[in-house]
Amino acid sequence: MTEINLDKSSVRELNEKLQGGSAGDKFSINNTVGKHALSVGLTTDVDVEINGHVGYYCAGMNQKANIVINGNAGPGLAENMMSGEVRVTGNASQYAAATAHGGLLVIEGDSSSRCGISMKGVNIVVGGNIGHMSAFMAQSGCLVVCGDAGDALGDSIYEAKLYVRGKVKSLGTDCIEKEMRDEHKKELQQLLSQSKMSHGVEEFRRYGSARKLYNFDIDQVDDY
């Protein structure tokens, strides 16, 4: 285990050391005090444990790495993530996993507005609630919410799948409740197990695209 103290190392030095790690290497990062852009651009199968709160864009562009944040995360957590796993034991701020293409993001607490905006294949599991405009223009992947969802969930959604256990304040344009079939229950169970959430799949409802925005319809011009 390599320990890195951010009282003594800069963020640049930290990221250079992490990016130069080899598969199987383990790192522990301390004294983060909300610093920005920690553990970004990792492309190898390393384990990173961050002890403390982090600022903007932590774990951005992650590939293969397993990153655990023992604290809260600021805006842009795991933005454009490609693969690997990122876990936050606390809460996350707005636009977590924006544009992310793959991997798994687990937020054990709440996530703020625009969680999963324009997600492109990532799986996101939130143990608590999410804010407004989450999964806006979500293209593929899954967003699992074990608590409640705010206004305009899934606005202009494409083919991502949304699973919500609690209440949805409102659905966005072209987002509707959909049937929970066996394949969806299986998928949801796998995500809950992988993220270490103990809820039953029968407690969730599924939401997705009504597919009415794919083509322009002159009879519905006022809805656009």
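Of the residues Gly109, Gly150, Gly127, only one is in contact with an Asp or Glu (Cβ under 8 Å, 6 or more places away or on another chain) and among the small types (Gly, Ala, Ser); which?
Numbers: Gly109 fails: in contact with an Asp or Glu (Cβ under 8 Å, 6 or more places away or on another chain); Gly150 fails: in contact with an Asp or Glu (Cβ under 8 Å, 6 or more places away or on another chain).
Only one candidate passes the filter, namely Gly127.
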Pick out the one residue from Ser111, Ser93 that is closer than 23 Å to Ser170 by Cβ, hydroxyl-bearing (Ser, Thr, Tyr) and more than 10 Å from the chain's Cα centre (by Cα). Ser93
Which of the residues spanning the range 85-105 are β-branched (Val, Ile, Thr) and buried (at least 23 other Cβ atoms within 10 Å of the Cβ)? Val86, Val88
Tally of residues being surrounded by fewer than 22 Cβ atoms within 10 Å (Cβ to Cβ) and free of Cβ contacts under 8 Å to residues at least 24 places away in the same chain across the range 126-142: 3
Counting just the residues of the range 1-58 that are among the acidic types (Asp, Glu) and part of a strand (DSSP E or B), which one comes out farthest from the chain's Cα centre (by Cα)? Glu3
Test of understanding: among Ser111, Ser28, Ser93, Ser39, which residue is free of Cβ contacts under 8 Å to residues at least 24 places away in the same chain, among the hydroxyl-bearing types (Ser, Thr, Tyr) and more than 19 Å from Gly141 (Cα to Cα)? Ser93
Right, Lys169: more than 18 Å from the chain's Cα centre (by Cα), of a type in the set (Lys, Arg), surrounded by fewer than 22 Cβ atoms within 10 Å (Cβ to Cβ) and not assigned by TED's automatic domain parsing to the domain that holds Gly60 or not? yes
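This table checks each residue for (1) modelled with pLDDT of 95 or more; (2) farther than 22 Å from Leu191 by Cα; (3) buried (at least 18 other Cβ atoms within 10 Å of the Cβ).
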residue	(1), (2), (3)
Arg12	yes, yes, no
Gln19	yes, yes, no
Gly55	yes, yes, yes
Gln63	yes, no, no
Ser83	yes, no, no
Glu108	yes, no, yes
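The values are calculated or read from the model by the stated rules, or taken from the named source; none is laboratory data. The shown structure was predicted, so the numbers you read here are calculated from the model rather than taken from an experiment. Glycine gets a Cβ as well: all are built from the backbone with ideal geometry, and neighbour counts include every protein chain shown.
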